[in-house]
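Q: The structure follows.
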Amino acid sequence: MSLLATCWTKLVRALELFVIALFAALVISVLWGVVSRYVPGIRPSSWTEELAIYLLVWVSLFGAALAYRANGHLGVDYFVGKLHPSARRAAFYVAEVTVLVFAAFALVYGGWQLVSETLASNQITAVLQWRIGYLYSAVPLSGLFLCAFAIEHMLKPDSVAPAPAEKDV
């Protein structure tokens, strides 16, 4: 395995562990919010809801990138599966290029603009007093991962899925 492939594998694994840690923090935050609200003698925490919202956004964006890499996203492959293999391959590349272009322009470029503008305006969250620009950085970062995963899909010769097997009903 080449050095680049090894580094890429480790980066993807780090992203997976990061999403797991974010999800664990999300669960703990929500659980503490419920406990602090309903258990007598514990003062309700005002920060749990705001933290949970931002953690959910980060988990969703980075989790979606990982799901895309694993081809775990929703897809309507019934009609594509009926196509000739060369047309199926063309449809595959059209879909991957579409994801790449969307991720590059909407998430990376648009997300970078969003982060830059909110950092420049010094916006902060209401309760946690964190700079919103840093919280919005998940948008361009997840976009970079989506772009990289789209390129990875197109570079793999076995990326194009074969026609789905017909099931007897």
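Read the figures in this text as sums done on the coordinates, not as results from a lab. All values reported here derive from a predicted model rather than from experimental measurement. Positions of Cβ are generated from backbone atoms using ideal geometry, with glycine treated the same way; all protein chains shown enter the neighbour counts.
Q: 5 Å is the cut-off here: which amide hydrogens, built 1.01 Å from N in the peptide plane, fall below it relative to residue 124, excluding neighbours closer than 5 in sequence?
A: 132
Q: Still on this structure, I have one more. Give the value in nm², to one decimal: projected area of the alpha carbon convex hull of segment 3-155, averaged over all directions.
A: If I average the Cα hull's projected area over directions, I get 12.0 nm².
Q: Among 54, 38, 93, which one shows the biggest mean-square fluctuation in a GNM of the chain, springs joining Cα atoms closer than 10 Å?
A: Residue with maximal mean-square fluctuation among 54, 38, 93: 38.
Q: If the chain between residue 6 and residue 31 were fully stretched, how many nm would it gain, using 0.36 nm times the residue separation less the Cα-Cα distance?
A: Difference between extended and current length: 5.3 nm.
Q: Just in segment 16-118: which trypsin sites (Lys or Arg not before Pro) are loop by DSSP and have at most 14 other Cβ atoms within 10 Å?
A: Loop-located and lightly packed - 82.
Q: I've got another one for you. For the chain, what is the mean residue ellipticity at 222 nm derived from helices alone (per DSSP H run of n ≥ 4: -39500 (n - 2.57); sum divided by total residues; nearest 500 deg cm²/dmol)? Intermediate results must be reported in sequence, preceding the final value.
A: Values: 7 runs with 115 residues, N = 169.
Theoretical 222 nm ellipticity from helices: -22500 deg cm²/dmol.
Q: Residue 150: net charge of surrounding residues, Cβ under 15 Å, Lys/Arg +1, Asp/Glu -1, itself excluded?
A: Around residue 150, the charge tally is 0.
Q: Also, I was wondering about something else. In the calculated pair distance distribution of segment 14-86, what percentage of Cα-Cα distances lie above 20 Å?
A: The proportion of pairs with Cα distances above 20 Å equals 51 percent.
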